[in-house]
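To keep things clear, I will list the structure first and then write my remarks on it.
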Amino acid sequence: MESAPTLGTVIQAIKRNTTIKYINAVKNGEVKPFNGKLWQRNYYEHIIRDENEYAKIWKYIDDNPLNWESDAENLGV
């Protein structure tokens with residue numbers, strides 16, 4: 001019986017597949033080339049321990065697009 005993939009394996013597959021699609025889109029002239037790294041090296045894992053923490057994280061994720069323009073890591077893409 002085959003075991004379930006690890007989170008790392010899933011993230012790796014997502015990064016690989018989206019990078020391939022990005023490269024193809026650049027080659028086809030559908031998007032402009034990006035001169036930085038497409039992906040950060042690792043991802044952040046955190047165990048949510050209670051409803052209050054869950055609500056705080058959910059708010060961060062929900063508000064994130066609104067903060068894009070003021071984000072120091074936004075390279076204007």
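The values are calculated or read from the model by the stated rules, or taken from the named source; none is laboratory data. What you see is a predicted model; the values in this text were computed from it and never measured. Neighbour counts are summed over all protein chains in view; Cβ atoms, including those assigned to glycine, are modelled from backbone coordinates with ideal geometry.
In table form, for the structure just shown:
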quantity: Matching residues, region 33-77, being at pLDDT 75 or above and hydrophobic (A, V, I, L, M, F, W, C); calculated: 34, 38, 39, 47, 48, 55, 57, 58, 61, 66, 68
quantity: Pairs where the first residue, in region 1-23, is among the hydrophobic types (A, V, I, L, M, F, W, C) and the second is outside any helix (DSSP H, G or I) and surrounded by 10 or more Cβ atoms within 10 Å (Cβ to Cβ), C-beta under 7 Å, 6+ apart; calculated: 11/43
quantity: Residues within region 24-37 that are surrounded by 11 or more Cβ atoms within 10 Å (Cβ to Cβ) and either touching a Cys at 6+ places or on another chain (Cβ under 7 Å) or free of Cβ contacts under 8 Å to residues at least 24 places away in the same chain (or both), tallied; calculated: 4
quantity: Qualifying positions in region 47-64 - surrounded by 10 or more Cβ atoms within 10 Å (Cβ to Cβ) and within 20 Å of residue 7 (Cβ to Cβ); calculated: 48, 53, 54, 57, 58, 60
quantity: Residue in region 21-36 that is under 16 Å from the mean Cα position of the chain (by Cα), on the phi < 0 side of the Ramachandran plot and assigned to a helix (DSSP H, G or I) present; calculated: yes
quantity: Members of region 1-16 found to be of a type in the set (D, E, K, R) and part of a helix (DSSP H, G or I), listed by number; calculated: 15, 16
